[in-house]
1. For the chain, give me the percentage of DSSP beta bridges that are antiparallel, rounded to the nearest 5 percent.
2. Residues of region 287-318 with amide nitrogen under 19 Å from the 7 Å Cα-to-Cβ point of residue 70?
3. According to a simple spin-label model (label point 7 Å from Cα along Cα-to-Cβ), what is the distance in nm between residue 340 and residue 386?
4. I want to verify a result. In a Gaussian network model of the chain, Cα cutoff 10 Å, which of these has the top mean-square fluctuation: 220, 324, 385?
5. Go ahead and run the numbers for FRET between residue 348 and residue 41, Cβ-Cβ distance against an R0 of 45 Å, rounding to 0.05.
6. Let me know the Rg and Dmax you get for the chain when you use only its Cα atoms, in Å.
7. Kindly state, to the nearest 0.05, the FRET efficiency for residue 49 paired with residue 363, given R0 = 60 Å and r defined as their beta-carbon distance.
8. If you rank 156, 415 by fewest surrounding Cβ atoms within 10 Å, what's the result?
Ligand code: SF4
């Protein structure tokens, strides 16, 4: 097989694209392609470990805050009395010690519904997935790379209600899971918050689980004071969705149901008040994920992006994290589509679907890269500006040693690294 030099027509794309083999394949390491990103098949869970049986049978009453520890049996905690919250939120709330690399706090209070049975879905990339009941109780499972302490909801509300105006939190978010009680308990948790804390002071987002939801449920979250409704689509194409969260892993989710609830959210919450989570690097091409970003913008919504990271204990923990060049291109292009009115049709892509031109001038692109906001964690906005997410999820999609989503404003040294990862030379100042 002979290789020929490919003529570059774009000044920006210098990395990994210079040699094209005559069969169309690149001689560089391919990015996280569909063929590479196949999850393991889930193993059978022993009957005695299913549905949180040990936790329910022993029925140990919870006492205050529970810190995840897989060395002993978890107490019997369940929503709406109990919720789990991210490590970052627990540190910021002051109920757990610890410091975060280059972050003072998180601006989003991320809450997660909790039950001994856990989430009944089996998503291949997720640390909360059902197959994990074989080896650990639900309250002890890692999720987006961190532990999630369990705390009485009343205690959280008591702390924040003392002074919502000066709270470090710019937003609260309730993450639903796949469980028969998920909707009712979301309403109760939301009401417990809005009864004591004005949602105009600290707005609330819902990260929904469409599989068990109806349009009326979406409306109810709005009526109870939710500000933004998001759908954890996670997969960028129907094929990736089916393989990672549908029948490919004995999980109940359907692409069509997720879109139905997304459409309901568009109607009920209105422009800029709905969106979808997308994980980049699970087998879709850059072109495919950016077409999805454009579709969401055309509907009036936003995309909130995560860089795929092989979560320990998940069915994809043997697979590579998204290479930084792939992630940075998607991150930058997504920011241009979401916030700078650039359309995916203006961009150019190579034969592997990779961004080869961002559709704006070199000078404009350079300014946007140097501003750094494009590379921050994306999500629902806080109190700073529309394109800066309150939901900063410190190190939820990468280790601090190789940051994917910056949970803080990148400094000059970060921008230098980002430019290197993008293979866009450092600008002359
Ligand atoms: S529905 Fe959500 S929480 Fe449950 S396994 Fe899937 S991604 Fe994880």
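Bear in mind that the values in this text are calculations on the coordinates, not laboratory data. Bear in mind that the values here come from a model prediction, so they are computed numbers and not experimental data. Cβ placement follows ideal geometry from the backbone for every residue including glycine, while neighbour counts extend to all protein chains displayed.
1. Working: 16 of 41 bridges.
Beta bridges within the chain, antiparallel portion: roughly 40 percent.
2. 309-318
3. 1.6
4. Answer for the Gaussian network model of the chain: 385.
5. Working: r = 38 Å, r/R0 = 0.85.
Once rounded, the FRET efficiency stands at 0.75.
6. 21.6, 70
7. It comes out at approximately 0.55.
8. With the fewest neighbours first, 156, 415 line up as 415, 156.
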